[in-house]
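A.B. asks: Handing you a structure now.
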Amino acid sequence: MEEEALQQEMNENLPAENMTDGLPAAGDADADGDGDLDFILDIPLDITVELGRTSMRIKDLLQLGQGAVVELTKLAGEPMEIFVNGKLFARGEVVVVNEKFGVRLTDIVSPQERIKSLR
C-alpha cells in the first residue's frame, strides 16, 4: 500500500509527457506480434466507387427530371476507381453479387503511389 502511495506521488510530480501509465511501452506486442496494430483494425473507412464525373451548369441541373440521362466522362467498360477516405486505392470492374452491385479489384495502387497521394 505504501509503495502505491509513493508511486502515485512520483507520478503527480512528473510532467505529463513522461506519464505512460496505462499505455503499452514502445515495442510491446502480443505473442503473435500484431498487438501494436490491434487498436486501428476497427477504425471505419469510407469506400467510394466512382462511376464517372461530369460538370453541369445550375440552369441545366434545374431542368433535370425523372428519366433524364446524365452523360459521364468515363467510357462504358472502363475500370471504376475505388477510393478509401478520398484517396485512390484501386481500380476494378463492376460485377453483380446476390442481385447487388460489387466491384472486382483489377489493379491495386502501389504503396508508394498511395503514400505520395497523402502529401
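The values are calculated or read from the model by the stated rules, or taken from the named source; none is laboratory data. Not measured: the values here are computed from a predicted model. In this analysis, Cβ positions are derived from the backbone assuming ideal geometry, glycine residues included, and neighbour counts consider all displayed protein chains.
A.B. asks: Is it fair to say Met56 is within 25 Å of the chain's Cα centre (by Cα) and either modelled with pLDDT of 90 or more or small (Gly, Ala, Ser) (or both)?
C.D. replies: no
A.B. asks: Taking the condition modelled with pLDDT of 80 or more, loosely packed, with under 12 Cβ neighbours inside 10 Å, within 27 Å of the chain's Cα centre (by Cα) and in a loop (DSSP other than H, G, I, E, B), does Ile43 pass?
C.D. replies: So Ile43 passes the test.
A.B. asks: A further question on this structure: Considering only residues of the range 46-63 that are charged (D, E, K, R) and not in a helix (DSSP H, G or I), which is nearest to Thr106 (Cα to Cα)?
C.D. replies: So, considering only residues that are charged (D, E, K, R) and not in a helix (DSSP H, G or I), the one nearest to Thr106 (Cα to Cα) is Glu50.
Residues are listed down the side, and each one gets a yes or a no for (1) free of Cβ contacts under 8 Å to residues at least 12 places away in the same chain; (2) charged (D, E, K, R); (3) closer than 18 Å to Ile47 by Cα:
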residue: Val70; (1), (2), (3): no, no, no
residue: Pro79; (1), (2), (3): no, no, yes
residue: Asn85; (1), (2), (3): no, no, yes
residue: Arg91; (1), (2), (3): no, yes, yes
residue: Val94; (1), (2), (3): no, no, yes
residue: Asn98; (1), (2), (3): yes, no, no
residue: Gly102; (1), (2), (3): yes, no, yes
residue: Leu105; (1), (2), (3): no, no, yes
residue: Arg114; (1), (2), (3): no, yes, yes
